[in-house]
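Chemist: Questions regarding the structure given below will be posed in turn.
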Amino acid sequence: MSSMEKLFDLEGKVVIITGALGLLGTELCQAFAEHGSHVVVIDLDPSNCERRAADLSGKGTRTLGLAVDITRKDDVERMVQIVTDRFGRIDVIINNAQHKPEGFFAPFEDFSLEDWERVIAVNLTAVFICCQAVGRQMLKQGSGNIINVASTYGVVAPDHRIYIGTSLGCPAVYSASKGGVIMLTKYLAAYWGGRGIRVNAVTPHGIYNSHEKHFVDNFSSRSPLGRMCNRKEVVGAFLYLASDASSYVTGHNLIVDGGWTTW
Ligand SMILES: NC(=O)c1ccc[n+]([C@@H]2O[C@H](COP(=O)([O-])OP(=O)(O)OC[C@H]3O[C@@H](n4cnc5c(N)ncnc54)[C@H](O)[C@@H]3O)[C@@H](O)[C@H]2O)c1
């Protein structure tokens with residue numbers, strides 16, 4: 001292997017991915033498994049986690065599927081124990097899960113406190129819980145790599161005009177939770193920087209998932225690249241941040257938005 005290939009080598013790394021059964025999580029699991037990492041599939045449904053992990057394993061890739069509600073501190077601590085018992089270490093965690101309750105698209109004036117609290121619990125508080133539990137293990141190892149999944153709407157406000165005439169929207173709680181994730185990322189990068197742990201964020205934007213045409217048209221006309229994101233186009237940012245190619249990068253929010261936040 002050349003020294004350049006070594007920079008991007010992810011073989012044998014133990015990578016935990018939360019929200020692993022969702023749109024982006026599915027792509028991340030596949031990508032890391034293809035790069036020879038040992039992938040830990042974390043989501044809510046036990047049999048689907050196990051099935052996905054079994055589908056990914058092979059070619060030296062060892063996988064594990066676990067149902068963990070990441071809002072529950074005890075369950076997350078148990079996850080860390082199970083993963084370290086099985087693999088001996090944790091190299092990377094990708095905090096990717098999100099919660100979208102039924103009332104997610106309600107107008108701000110009608111948005112329920114219960115939904116606000118539940119979204120914050122999964123999108124932000126659970127990132128704290130996972131960083132804390134996994135961070136303790138990484139401190140013992142003297143190395144580790146945390147990648148939090150943020151959003152453009154944690155960086156800029158949504159342009160609400162793109163949702164007019166569609167069934168979609170972006171609630172304030174989503175922006176608030178993702179803004180919190182970006183600052184938690186920077187805080188921990190500074191806090192753990194001298195102890196071998198890098199902490200970065202990736203900000204995806206508008207991943208196409210069979211959205212209604214009117215929305216796709218609105219979105220595309222507002223996007224500098226003139227289109228939504230193909231789900232495979234976000235993955236490279238995670239592979240880069242998880243690898244030694246980014247060894248001097250910490251506290252960064254890598255924005256993959258087709259230029260959305262440039263104007
Ligand atoms: N899809 C996009 O266009 C887009 C854009 C910007 C940012 N993001 C971010 O990317 C990440 C992934 O987005 P997605 O579209 O793949 O999401 P998704 O809704 O498809 O998947 C989220 C997954 O998280 C899981 N989950 C929810 N609560 C959980 C809990 N308590 N414990 C464990 N797992 C739980 C769900 O079961 C689901 O499988 C999210 O953080 C999202 O905010 C997505």
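Chemist: Pulled fully out, how much extra length does the chain show between residue 210 and residue 244, if you take 0.36 nm times their separation in residues and subtract their Cα-Cα distance?
Modeler: 8.8 nm
Chemist: Considering the alpha-carbon set of the chain alone, what are its Rg and its Dmax in angstrom?
Modeler: 18.1, 58
Chemist: In degrees between 0 and 90, to the nearest 10, how far off the longest principal axis of the chain does helix 73-87 point, with axes built from Cα atoms?
Modeler: 40 degrees
Chemist: Do you know the Lys pair count in the stretch 133-252 for C-alpha distances under 24 Å, with sequence separation 8 or more or different chains?
Modeler: Lysine pairs satisfying the spacing and distance rule in the stretch 133-252 number 4.
Chemist: For the stretch 38-141, what is the accessible area per residue in Å², given a 1.4 Å probe and the full set of protein chains?
Modeler: 52 Å²
Chemist: Follow-up question, since we're still on this one. Using the Cβ atoms and a cut-off under 13 Å, what net charge is assigned to the surroundings of residue 79, where Lys and Arg are +1 and Asp and Glu are -1?
Modeler: Here the count lands on -1.
Chemist: Could you compute the net charge surrounding residue 260? Neighbours are other residues with a C-beta less than 12 Å from the C-beta of residue 260; K and R count +1, D and E count -1.
Modeler: 0
Chemist: Right, here's the next one. For the stretch 1-107, what does the alpha-carbon gyration tensor say about shape, rounded, prolate or oblate, given a ≥ b ≥ c as the root eigenvalues, a/c under 1.5 as rounded, and a/b over b/c as prolate?
Modeler: Verdict is prolate for the stretch 1-107.
Chemist: Per DSSP H run of n ≥ 4, the term is -39500 (n - 2.57); total these for the chain, divide by its residue number, and report the mean residue ellipticity at 222 nm rounded to 500 deg cm²/dmol.
Modeler: Roughly -12500 deg cm²/dmol at 222 nm, from the helical runs in the chain.
Chemist: Would you mind telling me which residue in 213, 13, 186 has the biggest mean-square fluctuation in a Gaussian network model of the chain, where springs connect alpha carbons within a distance under 10 angstrom?
Modeler: For the chain, modelled as a Gaussian network with Cα springs under 10 Å, the answer is 213.
Chemist: Of the candidates 65, 135, 196, which one comes out as most mobile in a Gaussian network treatment of the chain with C-alpha springs shorter than 10 Å?
Modeler: Taking springs between Cα atoms under 10 Å, the residue moving most is 196.
Chemist: So for the chain: antiparallel DSSP bridges make up what percent, rounded to the nearest 5?
Modeler: Antiparallel bridges make up about 5 percent of those DSSP assigns within the chain.
Chemist: Using the Cβ atoms and a cut-off under 14 Å, what net charge is assigned to the surroundings of residue 26, where Lys and Arg are +1 and Asp and Glu are -1?
Modeler: -1
Chemist: Could you work out the relative contact order of the chain, using alpha carbon pairs under 8 angstrom and six or more residues apart, expressed as a whole percent?
Modeler: 18 percent
Chemist: Something else now. Where does helix 213-222 land angle-wise versus the long Cα axis of the chain, in degrees 0 to 90, nearest 10?
Modeler: 80 degrees
Chemist: Spin-label point model (7 Å from Cα, Cβ direction): what's the residue 195 to residue 227 distance in nm?
Modeler: 4.5 nm
Chemist: Most fluctuating residue of 26, 250, 166 in a GNM of the chain with Cα springs under 10 Å: which is it?
Modeler: Between 26, 250, 166, it is 166 that shows the largest mean-square fluctuation.
Chemist: Using alpha carbon centroids, what distance separates the stretch 115-172 and the stretch 220-263, in Å?
Modeler: Answer, in whole Å: 16.
The values are calculated or read from the model by the stated rules, or taken from the named source; none is laboratory data. Source: prediction; values computed, not measured. Ideal geometry is used to build each Cβ from the backbone, glycine not excepted, and the neighbour counts take in all protein chains shown. Quick note on the areas: whole protein, heavy atoms, side chains included, nothing else; ligands and nucleic acids left out. Shrake-Rupley method; radii C 1.70, N 1.55, O 1.52, S 1.80 Å.
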